[in-house]
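Only one structure is covered here, and it is reproduced in the block below.
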Amino acid sequence: MGTLWKYFAVTVLSFCLVGIYALAAFNLKVFNPIAEILDDYSFTDFYYKLLDGAGERDTSRIVTIVDMTELRKRRDFADLFMEVNALHPKAVGVDVVFEGYKDEDLEGDTLLDMAVKQLQNYVFSYKIIDSMDGETVHSFFTPSDSVTEGFTNMPRQLYGGMKRSLSIGRDVGGVVQPSFIKRVADIYAGQEVMALADKDLNINFSPKYYRVVSYDSIFENRDLIEDHLVLIGAMKEEGDMHYTPQGKIAGVELLAYAAETMLRQSEIKHASTGVTVIVSFFVVFFSVILLSKYKDFTGKKKTLGHVLLSTSLVRGLLVCGWVSVIVWITFLLFCRYNYSISLVIAMSAIALIYMAMNLYDSIKDIRLFKKNKES
């Protein structure tokens, strides 16, 4: 019982040490850059890097992106939409908001309006300005019963801000409205892929290559358009670039990852706080037992081998090896089931186990000293 109590106490001390270092990192100004990085870091980012370094990226068989960065005239957009439609894609999403009429090109407005009204499987984007008041910004040809829309709002931060999720739906003026990605995914699948709800989709950013077709070479790429989900947007516009676990990518590519996640039902499932706490505690507790046994083994004899095995270097290598095993297990869990459990705190605690053991021994010695002094 005494030994188990020691293991329990060392485990608690390990977490306490992590807490002390974390408080220092988040409260001392000298550690501000580190705190900002840690605050915006997810362990799934590490998994994606491992996957990206494992070989060539898979090419998406579902989504094709049409780059319209250089298009400016609305009549040219009308021609583009009709060309894409002529090749029979399953669904098309247009990541552009044609806000207001253009007095200098009313004919272009008319042509675009006429083209849009003929399209059956297209989804056009709009922006939500104020969810409470229901304020939105639409293209000039909407709202219309013949035009399908979905919002494309993304959370923004002035400095950085990693995008890892997009909305499935959002409550706008008391009514839950479907997002752009939900609309295009449902049309592509011919049925509702995910139930409409005011919540976010955790995007699966497993490395993927999306084929990009230029707006002026549609007919030359029939095989990439026909029966595909086609997303039309800007691939080279700096104002629509976003930081993701796959680096800085265009907004339309971010939508592609989200739509594919929804269609493949591969959303990342994050472990709840309760599960993470329980698993973290038992992982550290088992690690304490393992490292304590190793410490006892190396301290039994004073041979050269035992002395070498008890050095800080070897102990550090042992801890690194054990942490690597834990990372590999969680990585396999992520790859197989799209399930992510963050054991960052647990691994930090494991790195501090030997320090916690020394602290436990010091506390024990102090108590023993006081007891002997009193007697």
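The values are calculated or read from the model by the stated rules, or taken from the named source; none is laboratory data. Keep in mind the model is a prediction, meaning the values are calculated, not measured. Note: ideal-geometry Cβ built from the backbone for every residue, glycine included; neighbour counts use all protein chains shown. Please note that ligands, DNA and RNA were not included when accessible areas were found on the heavy atoms of the full protein model with its side chains. Shrake-Rupley method; radii C 1.70, N 1.55, O 1.52, S 1.80 Å.
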Quick one: grab the alpha carbon gyration tensor of the stretch 109-241, order the square roots of its eigenvalues as a ≥ b ≥ c, and give me rounded if a/c is under 1.5, else prolate or oblate depending on whether a/b is larger than b/c. rounded
Heads up, the stretch 156-220 by the C-alpha gyration tensor (a ≥ b ≥ c square roots of eigenvalues; a/c under 1.5 rounded, else a/b over b/c prolate, else oblate) looks oblate
Using a 1.4 Å probe and ignoring any ligands, DNA or RNA, find the accessible area of ILE363 and quote it in Å² to the nearest 10. 80
How large is the translational diffusion coefficient of the stretch 47-123 in µm² per second when you combine the Kirkwood radius over alpha carbon pairs with Stokes-Einstein at 25 °C and 0.890 mPa s? 165
Ranked by GNM mean-square fluctuation in the chain (Cα springs under 10 Å), the top entry among THR110, THR244, THR152 is THR110
Mean residue ellipticity at 222 nm from the helices of the chain, using -39,500 (n - 2.57) per DSSP H segment of n ≥ 4 over the full residue count, to the nearest 500 deg cm²/dmol? -16000 deg cm²/dmol
Shape verdict for the stretch 252-375, please, from the Cα gyration tensor: rounded (a/c under 1.5), prolate (a/b greater than b/c) or oblate. prolate
ASP227 versus TRP5, label points 7 Å from Cα toward the beta carbon: distance in nm? 7.1
List the lysines whose alpha-carbon lies under 17 Å from that of LYS49, not counting same-chain residues fewer than 8 positions away? LYS163, LYS208, LYS248
Per residue value of the accessible surface for the stretch 183-327 (all protein chains in place, 1.4 Å probe), Å²: 51
Förster radius 51 Å - calculated FRET efficiency between GLU70 and SER42 (Cβ-Cβ, nearest 0.05): 0.90
Considering just Cα atoms, how many Å³ per residue does the convex hull of the stretch 190-343 enclose? 188
Which label in (1) 17.3; (2) 20.3; (3) 26.9 gives the computed mean projected area of the Cα convex hull in nm²: (3)
Around LEU263, what is the net charge, scoring Lys/Arg as +1 and Asp/Glu as -1 over all other residues with Cβ under 15 Å from its Cβ? 0
